[in-house]
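Just below is one structure, and these are the notes that go with it.
The values are calculated or read from the model by the stated rules, or taken from the named source; none is laboratory data. This one's a predicted model, so the numbers in the text were calculated from it and none came from an experiment. Neighbour counts are summed over all protein chains in view; Cβ atoms, including those assigned to glycine, are modelled from backbone coordinates with ideal geometry. Ligands, DNA and RNA are stripped out before the accessible areas are found, and what is left, the full protein with its side chains, is counted by its heavy atoms. Shrake-Rupley method; radii C 1.70, N 1.55, O 1.52, S 1.80 Å.
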Amino acid sequence: MKRLFILLLAAVLLPVLSASAAGTVSLSADTLPAGQVLDITVNAGGSAVSCLYSVTMDGNKVYTQKKATDHFSASYLPEKAGQYELSVTVTYNDKTKETLSAPFTVLPADGDDAIPSVYSQKDGTWDKKPYRKSTLEKAGCAIFTLSHALHRMGITGEDTMPAELAVTYKYCLIQGGTRNNMLTRNAAEKYNFLTEEELIKDQTRIADELRRGSMFTFSIVIGHIALVDGISEDGSMVHIVDSAPTATAERIKKASMYTMDESGQFIPFSAPEELPEAHWFFETSGCGGLEYWLELSYVAKRGVRLIQPSPFTLTGSGSDHPVVVTVFGTSVCTISDSGQESTVPAKDLIWNIGADDGARIAAVVTKKTYTLIKDSAGKKAGKAEPGTILPVIGVDGDTVTILDGSFVGNVSKKDVELIEVSDKDPLTARIALNGNTSGRAKIRARLTPSAKGKTIAQWPTGTAIAVIEEKGDWCRVEAKGLCLWVEKKNVLYDEEQYRQSVSE
């Protein structure tokens with residue numbers, strides 16, 4: 001009788017295996033580097049109703065799920081190297097339970113292996129990482145979007161990781177969300193990309209920028225920021241990188257999210273879990289970051305903020321890297337490098353635009369008040385006054401495509417003169433009167449090399465200039481973003497530099 005009682009007690013206290021219980025756990029890899037996603041499949045048969053996940057590392061418990069889930073496919077992202085074991089407790093419909101386990105090894109992260117193509121707010125890595133008074137998991141969508149953009153521009157390093165960006169730009173988080181314009185503007189200064197204060201809503205402009213390699217950060221739904229980084233071949237759809245697609249799916253209105261099948265067709269979906277490439281993380285009970293497609297019209301209606309990789313690279317400075325050119329010239333350019341302004345020889349800049357035709361500038365020589373700058377649709381987009389220097393992207397017939405700040409536009413070829421960028425050291429000088437560079441005198445800078453030429457500017461004595469050519473009694477010079485003519489008698493060269501240039 002006593003033995004029977006013990007057997008009955010054991011039956012109550014210990015889980016009883018169901019007759020159908022013979023489950024297994026399959027892992028996407030038994031060895032992987034830290035920072036890479038491990039996909040898990042629990043094979044437990046049709047009678048299984050729920051499972052509970054837990055993880056140990058080097059014998060120490062690192063995670064135990066508190067509430068069972070009906071997700072038998074899940075993911076886990078290990079952050080540290082070590083020997084791991086995954087345990088899954090499966091509950092069957094007859095209330096019996098079975099514990100399954102699978103070991104795996106995590107190696108130290110190796111370089112870019114630590115950088116996934118899409119960061120996720122829901123992989124369990126970010127729930128305790130601070131973002132001012134919040135956390136990255138709760139409020140970091142704009143930070144993740146910035147990190148995605150930097151990595152796609154080839155800008156990597158510890159300071160571009162979400163956790164470090166959240167510390168650097170913590171002042172951008174206010175009650176109600178991130179000041180995305182402030183975040184993008186300040187990051188542009190540090191990482192040398194171009195942006196604009198105003199949101200862009202013109203579909204043609206957005207499509208053109210994407211085809212040129214630009215990206216956009218934007219409010220995809222209320223309270224959530226994502227990245228646009230590509231466009232479909234027909235121009236109707238744009239590619240989205242989203243750190244929390246579940247939030248998008250729950251809040252999006254009057255639009256569908258799309259995936260592209262093998263034939264190139266766009267298929268709508270309503271929940272990220274529907275996609276085979278989606279990851280559901282058991283630590284957060286949420287779907288991870290995802291890439292998908294949206295209609296261009298939806299994105300344009302909400303307005304997007306430009307993130308344009310700089311088209312100029314500074315070379316000969318120890319390490320080639322992108323810089324922002326603030327003042328152009330064929331001889332000397334003014335650049336901003338991580339917020340620090342300086343002048344460099346134009347020959348030290350690699351022009352990643354118009355490279356096939358050689359690096360050139362367009363000096364506006366029209367005698368009219370200005371020349372129109374038009375967008376790709378032929379609409380007025382701005383104007384350039386006589387003497388203005390604009391970098392050339394290309395020439396097609398009677399049209400010259402130029403870069404005006406971060407905007408790509410077109411001007412009439414008859415209104416400009418194309419000038420090759422010099423491959424020599426700049427010939428520098430100063431504006432002078434009777435050999436004197438001090439005083440309050442101002443010297444006329446004209447559109448043509450003639451005393452009757454239209455006066456465009458008046459430069460005070462002492463103004464630094466770069467001389468690009470001499471023609472009789474006149475010098476063609478560049479200063480303050482203008483290319484104009486000044487009488488040679490008002491140009492005071494550095495004597496040694498001038499003698500060297502003459503001897504060459």
With all protein chains in place and a 1.4 Å probe, Glu198 shows an accessible area in Å² (nearest 10) of 130
Please get the size of the charge dipole for segment 199-261, origin at its Cα centre, with Cβ charges of +1 on Lys and Arg and -1 on Asp and Glu, quoted in debye to the nearest 20.
300
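Rank Lys170, Lys347 by accessible area, highest first, at a 1.4 Å probe radius? Mind dumping the intermediate values first?
On the way: Lys170 110, Lys347 75 Å².
Highest to lowest solvent-accessible surface, that is Lys170, Lys347.
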Distance from segment 235-312 to segment 18-75 (C-alpha centre basis), Å
27
Taking only the alpha carbons of segment 180-312, what extent do you get along each of the three principal axes, in Å, biggest first?
41, 36, 27
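Summing Lys, Arg as +1 and Asp, Glu as -1, what charge do residues with Cβ under 14 Å from the Cβ of Thr330 carry, Thr330 excluded?
Numbers: positive: Lys347, Arg360, Lys424, Arg476; negative: Asp348, Glu417, Glu420, Asp423, Asp425, Glu469, Glu478.
Taking every other residue near Thr330 into account, the sum is -3.
Nearest 500 deg cm²/dmol is fine: what mean residue ellipticity at 222 nm does the chain get from its DSSP H runs of n ≥ 4 alone, each adding -39,500 (n - 2.57), divided by its residue count? Don't jump to the answer; show the numbers that get you there.
Working: 9 runs with 79 residues, N = 504.
The helix contribution divided over the chain gives -4500 deg cm²/dmol.
Normalised radius of gyration for segment 82-150, please: alpha carbon Rg relative to 2.2 N^0.38 Å, two decimal places.
Output field value: 1.59.
Hey, could you get me the Stokes-Einstein D for segment 353-408, Kirkwood radius over alpha-carbon pairs, 25 °C and 0.890 mPa s, rounded to whole µm² s⁻¹? Provide the component values of the computation, followed by the final result.
Details: Rh = 11.7 Å.
Estimated via Stokes-Einstein, D reaches 209 µm²/s.
How much length, in nm to one decimal, is gained on full extension between Gln175 and Asp110, taken as 0.36 nm per residue of separation minus their Cα-Cα distance? The partial results should precede the final answer.
Details: separation 65, 0.36 × 65 = 23.40 nm, distance 3.76 nm.
Fully extending the segment from Gln175 to Asp110 adds 19.6 nm.
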Relative to the Cα centre, what is the charge dipole magnitude of segment 240-336, using +1 at the beta carbon of each Lys and Arg, -1 at the beta carbon of each Asp and Glu, and rounding to the nearest 20 debye?
680
As I understand it, the dipole of the chain uses +1 on the Cβ of Lys and Arg and -1 on the Cβ of Asp and Glu, about the Cα centre. Which of Ser26, Leu418, Ser134 lies farthest toward its positive end?
Ser134
With the label point 7 Å along the Cα-to-beta-carbon line of Ser117 and a cut-off under 15 Å to each amide N, the hits in segment 151-171 are 151-153
Compute the length gained on full extension between Ile267 and Ile222: take 0.36 nm times their separation in residues and subtract their Cα-Cα distance, giving the result in nm to one decimal.
13.8 nm
Global size of segment 361-504 as Cα Rg and Dmax, reported in angstrom
16.4, 51
Please name whichever of Thr195, Gly394, Ile115 sits farthest to the positive end of the charge dipole of the chain, dipole taken about the Cα centre and charges placed at Cβ: Lys and Arg +1, Asp and Glu -1.
Thr195
Between Thr24 and Ser134, what FRET efficiency follows from the Cβ-Cβ distance if R0 is 41 Å, with the result rounded to 0.05?
0.55
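Can you work out the FRET efficiency for the pair Leu418 and Tyr63, with r the C-beta to C-beta distance and R0 = 45 Å, to the nearest 0.05? Before the final figure, lay out the partial values.
On the way: r = 64 Å, r/R0 = 1.41.
Step by step, r from the Cβ atoms, then E = 0.10.
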Signed unit charges on C-beta, dipole axis of the chain, positive-most listed residue Leu349, Tyr63, Leu173
Leu173
Report Ser406's accessible area, 1.4 Å probe, all protein chains in place, as a number in Å² to the nearest 10.
10
With charges set only on the Cβ (+1 for Lys and Arg, -1 for Asp and Glu), what does the dipole of the chain come to about its Cα centre, in debye to the nearest 20?
2260
